[in-house]
Amino acid sequence: MVTLQKSKWKHFWNGWDSLNRSKEVLYSYTKKISEINPLQFFHNGSANFKGQRFFWTNRARNEMIVGLGITLQFSSNENGKERYLEIEKRWKQIVANSFCHSPNSHIGPYMFGGFSFDPKRERTPLWEKFAHTEFVLPTVMLTIKDDEAFLTYNFFTDTSKEKVNQTLLLEEALLKDGTHSYGSSELSSFLEMDPIEWKQSIEEVKRRIVAGHMDKVVLARELRTKFLDSINVESVLSILLEEQPSCYVFAFEREDNCFIGASPEQLVQKESEIVKSMCLAGSIARGKTIAEDENLGDTLLSDSKNLQEHDFVVQMISNSLKAVCQQVTTGDRPKLYKLKHIQHLFTSVIGELKDDVSIFQLIERLHPTPALGGYPKEISLETIREVEVLDRGWYAGPIGWMNLKGDGEFAVAIRSALLQEKEASLFAGCGIVENSDPESEYEETRIKFKPMLSALGGIRHHDSNE
Ligand SMILES: C=C(O[C@@H]1C=C(C(=O)O)C=C[C@H]1O)C(=O)O
Ligand SMILES: [Mg+2]
């Protein structure tokens, strides 16, 4: 057996050996390291942890997390409130029985994962690798926060010393530097799933809205693409990182599947008692010139259909937070959120919690917001179940992390795709209100496919259909 350099790991083993083994506890060891490119670290992890990796960055790009391996997996196929509470309860138990060593009290073990959009929707084979709710505590974790990098190891005390040793031995290879151009794969076919039926479903939903059943429903559609070779996750991530600033970029691997995306939309962020959320709904294309772009932006800001779409989201998010916060501040009018391919209306929401409400309870309150589900919530979910043909899986669900203190951040997993070796399913949806025009909504979803298509190298194919 190869042994580790003793002095380097003395501190680690001192902690490990000092633990009381009468019950299983989590031993989490964090150390500061010199900064490393997180994508490089993710890539270095492929030799030993392929299929068990995750990648996350926030929109400001000052917090990036990469997880490798699975020390613990939490999954649930519960379809009610329990799916949030069950995972949270288990995480709290782990935290209560943990021994964490870290030079920075904010950095330590994180639980990373996500939720399907609708746990009441039966899973189709497309999403078979993803439970309705699934979180992991990674074995090795890189956290980069405000230009400081940390490496965290997470083991339960029943892990053999030899296994721990083997993992620590990987460190040099995991931190290896390098410059890469990740090979991309060529698109071979491209299939829009049922566009005609999809437009008809918009008409159907509009009839129900006019009849007063509800105010808004978000309808999504799917695009299936095939490639000549297996899709390279690193390559897709590197393009998303470059082309989609102001977006969360995430990837969650499950064996040979990977759910990946670049979403501008925050669902919720909790830092102690401060809660942030965001209303993002209402969309228009970017202009080709500055003047055209500004015109389009002005049109969006004064368009009654888009303002209505947006307002349902503002009402719902601010009311949901008002119930648990002593103070909620909402932007007084929508602003523009400009991305490479599209611009949206957005309103920020910030609140201060009055009670001890966890981030999972906040997710349960908020998800799905009318930006992804509709308004009111239950009837729009039932409508989606009835009229939408695709299995959304994790598309439009909450994805993110929670730490030991119970702080965390979740994005809404839109502008995303499920990669399955040589195939990828892309998803995009839009808010249907009484004045929606099926043709323009169809166009809107075409634009929303672009960020992922571009990262997959398929944008030329898409645009040649225009
Ligand atoms: C549903 C999606 O996007 C949502 C719908 C929007 C809209 O209809 O205007 C805008 C932003 C998102 O909240 C998606 O990108 O798939
Ligand atoms: Mg819209």
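Every number here is computed from the coordinates shown, using simple stated rules; none is lab data. The shown structure was predicted, so the numbers you read here are calculated from the model rather than taken from an experiment. Counting neighbours? That spans all protein chains shown, and the Cβs are built from the backbone with ideal geometry, glycine included.
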Can you tell me the equivalent ellipsoid semi-axes for the range 65-209? Use √(5λ) from the Cα gyration tensor, largest first, whole Å.
-> 38, 24, 15
Once the dipole of the chain is set up with Lys and Arg at +1 and Asp and Glu at -1 on Cβ about the Cα centre, which of ASN37, CYS325, SER102 lies farthest towards its positive end?
-> SER102
Spatial separation of Cα centroids for the range 290-320 and the range 382-434, in angstrom = 22 Å
Hey, what's the Kirkwood Rh for the range 165-311 if you take every pair of different alpha carbons, in angstrom?
-> 20.2 Å
Counting residues in the chain as N, plug N into 2.2 N^0.38 Å and put the Cα Rg over that result.
-> 0.98
Helix-derived [θ] at 222 nm for the chain: sum -39500 (n - 2.57) over DSSP H runs of at least 4, divide by residue count, nearest 500?
-> -10000 deg cm²/dmol
Those trypsin sites (Lys or Arg not before Pro) in the range 1-69 that DSSP places in a loop and that have at most 16 other beta carbons within 10 Å | ARG21, LYS23, LYS50, ARG61
Fully extended contour minus Cα-Cα distance, from LYS176 to LEU228, at 0.36 nm per residue | 15.7 nm
Helix axis angle, 304-322 relative to the chain longest principal axis, alpha carbon, degrees = 40 degrees
Cα pair count fraction exceeding 27 Å, expressed as % - the range 1-139 | 33 percent
Ordered by number, the trypsin sites (Lys or Arg not before Pro) in the range 143-229 that occupy a DSSP loop and have at most 16 other Cβ atoms within 10 Å are LYS176
Contour minus end-to-end for SER246 and ALA323, with contour as 0.36 nm per residue of separation and end-to-end as the Cα-Cα distance?
-> 24.8 nm
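Give me the extension gain from ARG286 to ARG61: residue separation times 0.36 nm, minus the current Cα-Cα distance, reported in nm with one decimal.
Here the segment from ARG286 to ARG61 would lengthen by 78.7 nm.
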Just tell me which lysines come within less than 17 Å, Cα to Cα, of LYS305; anything on the same chain fewer than 8 places away is out.
-> LYS206, LYS216, LYS335
Given labels modelled 7 Å from the Cα in the Cβ direction, how far is it in nm from ARG90 to ASN165?
-> 3.1 nm
Under 24 Å from the Cα of LYS176, which lysines turn up, not counting those fewer than eight places away in the same chain?
-> LYS6, LYS8, LYS10, LYS31, LYS32, LYS50, LYS145, LYS163
Within the range 148-178, which residues have the backbone N less than 17 Å from the label spot 7 Å out from ASN97 along Cα→beta-carbon, could you tell me?
-> 154-160
